[in-house]
Every structure is written in structure tokens, then in C-alpha cells.
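Below is one structure, written out as C-alpha cells; the observations come after it.
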């Protein structure tokens, strides 16, 4: 028996999520691809903020609402998440619902309705937030501390994991400024606030070239 479950992520009154979820459910039923189609509305399920004493990966649940949520997800063969996009991300109730569980999410076929929109928007967001995700290839120096090495490794991996060509527009000077600012920060020479100002200033300078 194949089961599709549709998670409605918005809990905002007046959301169009239920209408979209109903349309998806009706369309899925017409395909005859699933034996069972069910809508899981987070507004109705009303999970509290994560209140389990044990890490979700252990599966040692103690609350009735967690057992019910675990059963709802574990019995699904495929999931569709219908979610709004708030401030370039998904809403807190969805993140909370995901964090309640661990093993139940594995090996699920997953569809997200706003994925195409976000895929188109991401290169723009990435360029706007260039300072947070620098595109650069960096090598640690012998004198660098472990903290500096870690920061530089994270910066170096950002380009590879983002898959965003627009990040390559960073200028060499911008990359050098980022490296130096990271080294100063990890050496205790500047505060996090000063570090942020330096990165923002460098990003603004680079974007004008």
C-alpha cells in the first residue's frame, strides 16, 4: 500500500495552504499512483515547540503528540510539503515539526511546492548576501590557529556547495579582505561586530567594480 502525505506548513489564519493542499490531494488521487492520500495540516496538529528530553535521533519519545507525529510521518511513502516563503526561508512551525523526528524522515520521496521559485531566487539572494557566502579558494598558513583554519575551510567550501555562478563575481580584493578579516577575528584582534563591518564594506566595494 503506497501512501502520500501532504504537509501544510503555514499556520497563518487565511493562508492559501489548505486550498493548495486540497488541490494536490485531489490531483494525486486522480493519478491512481497512491492507495492513500492524506493532508497533514500543522495548524491543526498544533505541535508545541520541541519539548522532548532526548535527542530525536534516539527515538526515545515521551510525549503523546510526538508519538502521533512520528506515526503520521513513518507511515508515509512520499511527502509533499506546501510551504510559504518568509524572509527567504520556510516558517518556524515546519522547522519545528522536522526537528521533532529523525529516522522517520529517511528514505522519503519529497516534493516541495515552492522549490522552483526558490531555485530561481537563490542566485539573487546569494549575490545580495555575498558577504555571508564568499566565493573563494583559500589555503591555510602555517601560523594560522585552529579557529582560523576552520573559518577558512568553511569559506572555501561555500563556493563548492552553493552551486551559484553569481558568487564567482567576487573580486580578488574582496577575497583577500575576507581572508584577512577572518584571521584577525580568530586572533582576537577584532570583535565580531567589527568583522561584520569589514566584510560588509569589502562586499560593497567589490559589488561596485
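The values are calculated or read from the model by the stated rules, or taken from the named source; none is laboratory data. Quick caveat, the model's predicted, so the values are computed rather than measured. Cβ: placed from backbone, ideal geometry, glycine included. Neighbour counts: every protein chain shown.
Out of the residues in segment 73-97 that are touching a residue at least 12 places away in the same chain (Cβ under 8 Å) and exposed (fewer than 14 other Cβ atoms within 10 Å of the Cβ), which is nearest to the chain's Cα centre (by Cα)? Quick ask: steps written out before the conclusion?
So the first thing to find is which residues in segment 73-97 are touching a residue at least 12 places away in the same chain (Cβ under 8 Å), and the list is 73-85, 88, 90-91, 93-94, 96-97.
Remaining after also requiring exposed (fewer than 14 other Cβ atoms within 10 Å of the Cβ): 74-75, 85, 88.
Details: 74: 22, 75: 24, 85: 11, 88: 10 Å.
Top of the filtered list is 88.
So, residue 42, is that one under 19 Å from residue 104 (Cβ atoms) and in contact with a strand residue (DSSP E or B) (Cβ under 9 Å, 6 or more places away or on another chain) or not?
In short, yes.
Take residue 77 and tell me if it is out of contact with any helix residue (DSSP H, G or I) (no Cβ under 8 Å at 6 or more places or on another chain), modelled with pLDDT of 95 or more and under 23 Å from residue 103 (Cα atoms).
no
Take the residues of segment 50-72 that are in contact with a helix residue (DSSP H, G or I) (Cβ under 6 Å, 6 or more places away or on another chain) and closer than 23 Å to residue 6 by Cβ: which is surrounded by the fewest Cβ atoms within 10 Å (Cβ to Cβ)?
Here the residue is 50.
Which one of these is part of a helix (DSSP H, G or I), on the phi < 0 side of the Ramachandran plot and surrounded by fewer than 18 Cβ atoms within 10 Å (Cβ to Cβ): 29, 12?
Working: 12 fails: part of a helix (DSSP H, G or I).
Every option except 29 fails the conditions.
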